[in-house]
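Since the structure comes first, as structure tokens, the remarks are kept for the end.
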Amino acid sequence: MSEPSIFFSEVNRRQGDFNRRAFLLGGITGLGLAALGTRLAYLQVVEAQRYQMLASSNQFNFIMVPPPRGRILDRNGVVLASNRPNFRLTVYRDTDTDVDHVVGNLAQLVPIDPAKIPRLIKDIKRAPKKAPVPVMEDLTWEQFTRINVRAPELPGVSADMAEVRVYPYGGAFAHVIGYVAKVNDKDIKKIKDKGQQPDQLLYNPGFRIGRQGVEKAFDLELRGKAGGKKVEVDAKGRVVAEDPGGDLPPVPGDEIRLTLDVDVQRRALEVFGEESGAAVMMDCRNGDILCMVSAPAFDANGFVRGLSGPEYRALAQYERNPLLDKALSGTYPAGSTFKPTTALALLAAGVNPKERVVCTGGYHYGNRIFHCWSPRGHGGQDMHDAIKNSCDVYFYHMCNRAGIDLIHDTANKLGFQQIFDIGIPGQTRGLIPSKAWKKEAFKKAPNPDARVWHLGETLSVAIGQGAVTVNCLQLCVATARLANARKALVPRLVKSVGGKELPSGAAVPDLPIPKEHLDIVRAGMAAVANDTSGGAYRQSQLGLGDVLMAGKTGSAQSRDYKPGESRKNAGLTWSKKDHNLFIAFAPYDNPRYALAVIVQHGGISGALAAAPRAREIMRTALLKDPEIRARIEKPLPLPELDPNADVEGAAPALPADGLATPPAGPAPTPTPAPEPAAPPPGGPGR
């Protein structure tokens, strides 16, 4: 019998080694199984909800929904900017999308401009995958349904409904409110240059941002917060169904209420007609701006849809420049509307307002004659007459008693050369010269004498010419401060944002000008409009009973005249004609509204071009004011009668016994009753 091939020596030791190894391997296997079981339990129990959401995200997706842009209202709640439904057509590119073929099919279904097709194809090919590219806005219902019926044959094409900005009053508020437009690469770059991450909302094809005015200044407040529409997608990410129950509603933007009045604003634009210029009206009590018009205007709705090249060039190249906000950005010589400022500076310098100057039609200074607007002259003029008649010679003769620096400081107190925080950008500071200004402005001039202010230069500044430039808002602020005579009012354009009221324009320090000085100037302005010899008497009659307007005319040359050249504007081209201005406040006895009107290159005079327009704007504001309407419609008081006087037509008194004794002789002829008194002028209506 053969022996076993494996011979164990020391059987007990070897068996122990085997058992230990088997136990170690079993332990390792058990630990592995325990770890695997623990992980499976963790995934199935603890992480179950998370992986359920991940699995659901492979099946469902959210499409960003832009929020409704906040509305913009006037002071009375009239909508100035809102949103309307918009059927739009978009295309997105997938891996296997034949862009040329898709666009060609679309051109057969909707009217796409053939000239835009190459550019459209290029935009779609350059866009990231799945990024929708807008093809057409404002589809008709027939076009919208036609696209959706053919949707299975048009991969990547989508026709849906969104919202688009709309401005109900077109151009009346175009410069103040501004407009919205598509986001471009420059907008994204500006955000990235600031080190910020652009909001994904900016990449949405239906999203618009503010480009000017209130729309730009309050763009973030008006945007709101985006929502999401839950949809079911296939493996390639294509939408196959919608799940409305899972939608996330967007949050609308804040509502902004302005101090503007839609009726006053529209009337202001209407009275300009074909003329170019600006008009600004303020409430003399709190600084609220009731109208801020720049003419001619443009329809902001065109910028929302996007202007064609020829359309934009027509606006940009028109000499009257409808794209420029003439109320804030346009600056003009103030002309004679600056004379009240010069008068206040003279009073501050101690000039006696009763001192008279004889105007013969010109003023000799050095080797030059400074002409008055009236070649025949005005004769003897004190300050009141000089303001009423707008006599240039009076201010030529007196201005250097105050000096250029005092005139500059007085103008600054009234609001000239100031930038006001009204919530929107675009204001131009203008210029009121001074000695320091000239020294700095001409510091590089080779002739040192050019840096010195000469007394002869003050003469032009005193009548609002020379280096003086102002904008229409500044003119209105200065007039409002004159009218208020107490507070250094600042203008307020935005009344509230998201329901939060902004500070009043009257929450400011007192005006640092003595009231008695203001009263002298205000009386002169009242004479301009109400004295029969005033410069704008006929054009300033409101026809509203005892509600009277005070004002000041102005004409400012837009170019230098050569020696001997006629100053008449007849026959000149539009761009060479003088500017016409008028400032006013009413009612004179209790100022409520201040107004400044500038007619660019009107070429007539402030009385004939600007004053009639100011009158119509002022009437509109006054007739809308309940307190003023009550004052206008109040009957005139009956005349006082002497109680002892015999009244014609009165019945004879009864005798003491109470019995009437018939008179002897024939009966007297009855006296006809007097006709009722005519109603006071200026009743309700325009």
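Only one residue in Arg119, Arg88, Arg93 is within 38 Å of the chain's Cα centre (by Cα), among the basic types (Lys, Arg) and open to solvent by 50 Å² or more (accessible area, probe 1.4 Å). Which one?
Matching residue, one of Arg119, Arg88, Arg93: Arg119.
Could you please give the count of residues in segment 188-206 that are farther than 17 Å from Pro66 by Cβ and of a type in the set (A, V, I, L, M)?
Of the residues in segment 188-206, 1 are farther than 17 Å from Pro66 by Cβ and of a type in the set (A, V, I, L, M).
Can you tell me how many residues in segment 365-407 are over 27 Å from Ser533 (Cβ atoms) and surrounded by fewer than 23 Cβ atoms within 10 Å (Cβ to Cβ)?
Total satisfying the criteria: 8.
Would you point out the residue of segment 408-438, among those that are farther than 27 Å from Gly535 by Cβ and among the hydroxyl-bearing types (Ser, Thr, Tyr), that is surrounded by the most Cβ atoms within 10 Å (Cβ to Cβ)? Lay out the reasoning, then the answer.
Taking segment 408-438 and keeping what is farther than 27 Å from Gly535 by Cβ, we get 409, 418-429, 434-438.
Retained after the next criterion (residues that are among the hydroxyl-bearing types (Ser, Thr, Tyr)): 428, 434.
Details: Thr428: 16, Ser434: 22.
Among residues in segment 408-438 that are farther than 27 Å from Gly535 by Cβ and among the hydroxyl-bearing types (Ser, Thr, Tyr), the one surrounded by the most Cβ atoms within 10 Å (Cβ to Cβ) is Ser434.
Go through segment 175-186 and count every residue that is part of a helix (DSSP H, G or I) and either in contact with a helix residue (DSSP H, G or I) (Cβ under 7 Å, 6 or more places away or on another chain) or open to solvent by less than 20 Å² (accessible area, probe 1.4 Å) (or both).
3
Pairs under 6 Å by beta carbon, first residue over 19 Å from Gly415 (Cβ atoms) in segment 585-599, partner surrounded by fewer than 24 Cβ atoms within 10 Å (Cβ to Cβ), six or more apart or different chains?
Going by the 6 Å Cβ cut-off, the qualifying pairs are Pro587/Val547; Tyr588/Ala526; Tyr588/Leu548; Val599/Glu275.
So, in segment 200-251, how many residues would count as being assigned to a loop (DSSP other than H, G, I, E, B), among the polar types (S, T, N, Q) and modelled with pLDDT of 80 or more?
1
Filter segment 572-584 for residues that are assigned to a loop (DSSP other than H, G, I, E, B) and touching a residue at least 24 places away in the same chain (Cβ under 8 Å); which is surrounded by the fewest Cβ atoms within 10 Å (Cβ to Cβ)?
Filtering segment 572-584 for residues that are assigned to a loop (DSSP other than H, G, I, E, B) and touching a residue at least 24 places away in the same chain (Cβ under 8 Å), the one surrounded by the fewest Cβ atoms within 10 Å (Cβ to Cβ) comes out as Leu572.
Quick test of your reading of the structure: Arg559 fulfils all but one of (1) more than 30 Å from Leu623 (Cβ to Cβ); (2) exposed (fewer than 15 other Cβ atoms within 10 Å of the Cβ); (3) under 27 Å from the mean Cα position of the chain (by Cα). Name the failing condition by number.
Exception for Arg559: condition (3).
Could you look through segment 496-529, keep only residues that are more than 22 Å from Leu414 (Cβ to Cβ) and either touching a helix residue (DSSP H, G or I) at 6+ places or on another chain (Cβ under 7 Å) or assigned to a strand (DSSP E or B) (or both), and pick out the one that is least open to solvent (accessible area, probe 1.4 Å)?
Ser496
Determine, yes or no, whether Arg320 is more than 23 Å from Ser555 (Cβ to Cβ), in a loop (DSSP other than H, G, I, E, B) and at pLDDT 90 or above.
Working: more than 23 Å from Ser555 (Cβ to Cβ): no; in a loop (DSSP other than H, G, I, E, B): yes; at pLDDT 90 or above: yes.
No, not satisfied.
What's the number of the only condition in (1) within 30 Å of Lys116 (Cα to Cα); (2) outside any helix (DSSP H, G or I); (3) over 15 Å from the mean Cα position of the chain (by Cα) that Glu274 fails to meet?
(1)
Quick check on my filter: what residues within segment 461-513 are among the basic types (Lys, Arg) and under 21 Å from the mean Cα position of the chain (by Cα)? Write out each step before concluding.
The initial filter retains those residues of segment 461-513 that are among the basic types (Lys, Arg), namely 481, 486-487, 492, 495, 500.
Across segment 461-513, the qualifying residues are Arg492, Lys495, Lys500.
May I ask you to say which residue of Leu542, Leu548 is aliphatic (A, V, I, L, M) and open to solvent by 30 Å² or more (accessible area, probe 1.4 Å)?
One residue alone meets the criteria, Leu548.
Can you name every residue in segment 299-316 that is open to solvent by 10 Å² or more (accessible area, probe 1.4 Å) and touching a residue at least 12 places away in the same chain (Cβ under 8 Å)?
Asp299, Asn301, Phe303, Arg305, Gly306, Leu315
So the check is Cβ under 6 Å with 6+ separation or different chains; which pairs have a first residue in segment 76-94 that's farther than 30 Å from Arg257 by Cβ and a second one that's of a type in the set (S, T, N, Q) and surrounded by fewer than 20 Cβ atoms within 10 Å (Cβ to Cβ)?
Thr90/Ser158
Only one of Val461, Val470 is in contact with a helix residue (DSSP H, G or I) (Cβ under 7 Å, 6 or more places away or on another chain), crowded, with 17+ Cβ neighbours inside 10 Å, under 26 Å from Ala550 (Cα atoms) and at pLDDT 95 or above; which?
After ruling out the rest, the residue left standing is Val461.
Being closer than 16 Å to Glu163 by Cβ and in contact with an Asp or Glu (Cβ under 8 Å, 6 or more places away or on another chain) is the filter; apply it to segment 187-220 and report the residue that is surrounded by the most Cβ atoms within 10 Å (Cβ to Cβ).
Gly210
The values are calculated or read from the model by the stated rules, or taken from the named source; none is laboratory data. From a predicted model like this one, the values you see are computed outputs, not experimental measurements. Please note: Cβ atoms are built from the backbone with ideal geometry, for glycine as well, and neighbour counts cover all protein chains shown. Side chains included, ligands, DNA and RNA excluded: accessible areas come from the protein's heavy atoms. Shrake-Rupley method; radii C 1.70, N 1.55, O 1.52, S 1.80 Å.
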